[in-house]
Every structure is written in structure tokens, then in C-alpha cells.
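Student: Please read through the structure below; I'll follow up with questions.
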Amino acid sequence: MIRWNGITVKLLLAFFAILLLSFSVTSAVSFWFIRSELGHRNDAFEEEQLSVAAALVRSAYREKWSDDMLRSALQIATGPMNRTIYVLDRDGKVLVQAGAQGAQLPPPDSGLLRDVLTRGKTVIAQPVPGSGSPLLSAAPVSGDNRFAGKAVVIVSRELKREFRGFTGMFRNVMISTLVFSILIVFFVSSRMTARLRRMKDAARQIATGKFDVRLDERPRDEIGELAGSLNHMSQELGSLDRMRREFLANVSHDLRSPLTSIGGYVEAMIDGAVPEDKRDAYLDLIRSQTQRMNRLVNDLLEMARMEAGQLNISPTPYNLSEWVRRLLAGLDPEFTRRSIRFELTGAPDDVWVLADPHLIDQVLSNLLLNAIQFSPNGQSVEVSIERDGTDAVVSVRDEGVGISKENLDRIWQRFYKSDKARSAHAGSGLGLSIVQHVLARHGTAATVESKPGRGSKFTFRLPTVEPPASARSSVHR
């Protein structure tokens, strides 16, 4: 159905206005040009005809032709059927008439004929007042004064006939072009608006949660690119919705499992079912489960703060190497529990950077916990801090399960877990997303190199600063 305020009608009106303006300008220029060309051609033709007719009249008098012979000769000389030739005497009386009938001559005392008869002036293609406004051309017949014929007059409507033929043809061409152009524009705009309407319907379906909607992207014009963008948006929203549902299921499981364990341990201890020599082991398990829940809740709160734009950074110069050593020392129980070796390598001197120490500590903590979580027991984790010009290059490398190539770009998304092997481990799928958010606020980003079965290496850069004078005597590693 056509909407009167829709794109189809607007395109038709705009095209019609442009076409009408173009035809108007073209018509004005064409009419002026054709009328000018036809006028010049007609003037030359009339002048030539007058010369021929005057010569015939002189020959007729010299050779004593009869009026019928002269009329026949003039009839042949008149050319087109809508022309009339008159031979007039000195008083303007018609002596011989040849050609089309019905043409009216102006009175002999009119300005046109008077100039020809009395002054011997030649007149070319002058309008004659009256019905049809024919054009009059006249010339004196020079020669012997004994000739009765003194002037030759041609009355013609040929110019008007030719001009009417041109205007009629032009009008037909214009109307035909206008009709076909409107049909073409209507067809093209209807197809275009139909595609836009399909996009509108698809957007409404996406808004209701139907993320499997797909639009045809052909032809690959601007509307096709828009359809491709909608398809990509639908796919991404579907993926995000799927990850959200998986995340809710994982969070529910991750919260329920430790709560169930804690509840069971506490009830066993209250009931006296736990031997005295195992109470410390049970309390350690309760602490471990509590820490696990705490990390999950902290990740959720941190992501909520970041999405609300409430993550504030306070860059300050600090000793990154010292903070990494403290972090590794704090995670020593985790490394020991999994029999994982850790190593700090890189620059021999301590590296000072300009960043928010607490947020960068959170970044490194997430990367290290990620490395521990996905590394088999007995493997190693390496933290490297290198200098590269004015930057410090920090990397965390593990020998874990690795990440497939097609998932490398998606690991930074919220709630995302790259595959079944990684999803089987505890985790909310928020750690790497938090890492990228924090680094983005520092004007940098993390990159990853990984191959399945060969581990992963996460790297980011921070600007270095010179350490204060009091810290330049730091112990070298």
C-alpha cells in the first residue's frame, strides 16, 4: 500500500519536479532554437522563391506567355501546397494567382504592399493580420516599364506548419518520456521501500527477542549494506543473549555449589560429625568456597560499575615490578595447590609505570588466575616485564589448553567462554572483559597469542616513567 507521506511518493514528486523543470528549460531552449533556425531557413527560401517568380514574370512578358502559362510556371515554382503567389500591377490589383486558394492579401495601401509597389522595397516573411496569421513576402519585378506586373507576392503558412509539427512531436516525446519515467521510478522506489519495510518488520521482530531473523543483502547497495548490518546486529544480539542465559545458568550453579558445600560443612561441624583433627581442613574448604563466591560477586559488581561509566582511574608513578612480585607471592597458595611453577622474567631493573596500581593489579590478577585455571597441574606460568622504548611490555604466558583461532576475538566479550574445555572450569566469563575495559581506560589494550594445546600469551603495554631518586637504588633481580 502506498503511503502519501512515504518515500515512494516523495521520490515520485521529486523526480516529477526535476523532470518538469528539465523539460521546461529544454522546451524553451529548443523552441527558441528551432524557431530561429526555421525562420532563417524560411527567409532564405522565400527570398529565393521571390527571385524565381520575378524572373518568370519577366520571361512571360518578354516571350508573350499567356496567363495560363505563367500561372502554370508559378504553380510549379510555389513549392509546398500551402503557399500562394500573386502578380500585382502598380495599383495592387491581382493579375495572376497561383498555388493554394483562400489566402487573403492586405489592402494595396497597407504599409507592406505600399513599400513594395511605390518604393521597390523587398519584404521577407512579415506577418499578415488576419485568420491564421500567414507570412507575406514581396519583391518588385524589375525590367521594362511596359510590363504590367510590378510586384510578386508570396503568402505562406509553411513555417507555422513545420513549427506545429515540431511542437507536436516534442509534446508526444515529452509525455511518453514522462509516463515511462514515472513508471520506472515507481517500480524502483517501490522495490526499495519494500526492502525498507522488510527491515522495519525485522527490527521489530529483533526487538521482541527473535534473533534468528535474516534479511536478503542483495543487491549490495546502501540498503543491502544496511540489511547486512541488521543481520550482524541480530547475530550479535543472539550470541549475547545466548551467552547471557549461559552466564545466568553458570552463576546460579557457581553460587549454589559453594553455598551447598558450605552449608554441608557447617551442618557437619555443628552436628559433631567432623573429627577434631579435620576441623581445620573443613574450615579451609569453607574459606576456599567463600573466596570463590567473593570473586564472582566482585566480578559482577566491577562489570556493573564499568558499564555504568563509574570506573575512575588515578594514574600515578609506581614500581610495577614490585607489585607483580607481591601479587605472585599472594597467589603462591594457588600455585602450590595446583603444583604450578611461576617465574618473573624480563628487565633486570625494576620497571616504573604511570597507571592506576590497583586497577592494573586487578588486570594481572585476572590474567594470572585465568592462567592457573586453565593450566594442567605441574605446568608453569611466566610473567614478563620488558622495556620497549617508552613503554613497558607486560605479558602472562601459560601452558594450558589454549584457544582456537576462531575464538580469539570473542574471548573479550562478556560472559563468553571459548569452548567446552574452558567452560568446564569455574569462572564467570567476565575476567577478560574486565581486563579489556580497564586497559581501555588506560589508553591501551590487551592482545592474545594462542594455539590449542600449546597455551596462551596475553600482552599489554603501559607507559614507563623514571623512578624517583629515592627508589633508584632498588635491588636488581
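The values are calculated or read from the model by the stated rules, or taken from the named source; none is laboratory data. Nothing here was measured: the structure is a model prediction, and the numbers come from that model. Counting neighbours? That spans all protein chains shown, and the Cβs are built from the backbone with ideal geometry, glycine included.
Student: State whether the residues of segment 44-66 include one that is within 60 Å of the chain's Cα centre (by Cα), surrounded by fewer than 16 Cβ atoms within 10 Å (Cβ to Cβ) and modelled with pLDDT under 85.
Tutor: Yes, there is a match, as at least one residue in segment 44-66 is within 60 Å of the chain's Cα centre (by Cα), surrounded by fewer than 16 Cβ atoms within 10 Å (Cβ to Cβ) and modelled with pLDDT under 85.
Student: Kindly provide the set of residues from segment 87-97 that are at pLDDT below 85 and surrounded by 20 or more Cβ atoms within 10 Å (Cβ to Cβ), ordered by number.
Tutor: Within segment 87-97, just Gly92 meets the criteria.
Student: With the condition kept exactly as written, say whether any residue in segment 348-361 is in contact with a Gly (Cβ under 6 Å, 6 or more places away or on another chain), crowded, with 19+ Cβ neighbours inside 10 Å and either free of Cβ contacts under 8 Å to residues at least 24 places away in the same chain or under 22 Å from Thr444 (Cβ atoms) (or both).
Tutor: Within segment 348-361 (the criterion being in contact with a Gly (Cβ under 6 Å, 6 or more places away or on another chain), crowded, with 19+ Cβ neighbours inside 10 Å and either free of Cβ contacts under 8 Å to residues at least 24 places away in the same chain or under 22 Å from Thr444 (Cβ atoms) (or both)), the answer is no, since none of the residues qualifies.
Student: Moving to a separate point now. Within segment 262-277, restricting attention to residues that are free of Cβ contacts under 8 Å to residues at least 12 places away in the same chain and part of a helix (DSSP H, G or I), which residue is surrounded by the most Cβ atoms within 10 Å (Cβ to Cβ)?
Tutor: Here the residue is Gly264.
Student: Please specify each residue of segment 319-344 satisfying the condition of being among the hydrophobic types (A, V, I, L, M, F, W, C) and either touching a Phe, Trp or Tyr at 6+ places or on another chain (Cβ under 9 Å) or assigned to a loop (DSSP other than H, G, I, E, B) (or both).
Tutor: Result: Leu320, Leu328, Leu331, Phe335, Ile340, Phe342.
Student: Still on this structure: For Arg305, which of the numbered conditions (1) at pLDDT 75 or above; (2) within 48 Å of the chain's Cα centre (by Cα) fails to hold?
Tutor: So Arg305 meets the others, but not (1).
Student: I would also like to ask the following. Of all residues in segment 417-439, how many are farther than 15 Å from Leu369 by Cβ and either at pLDDT below 90 or in contact with a Pro (Cβ under 6 Å, 6 or more places away or on another chain) (or both)?
Tutor: Here the count works out to 8.
Student: Go through (1) out of contact with any Asp or Glu (no Cβ under 6 Å at 6 or more places or on another chain); (2) modelled with pLDDT under 80 for Leu296 and report which single condition fails.
Tutor: (1)
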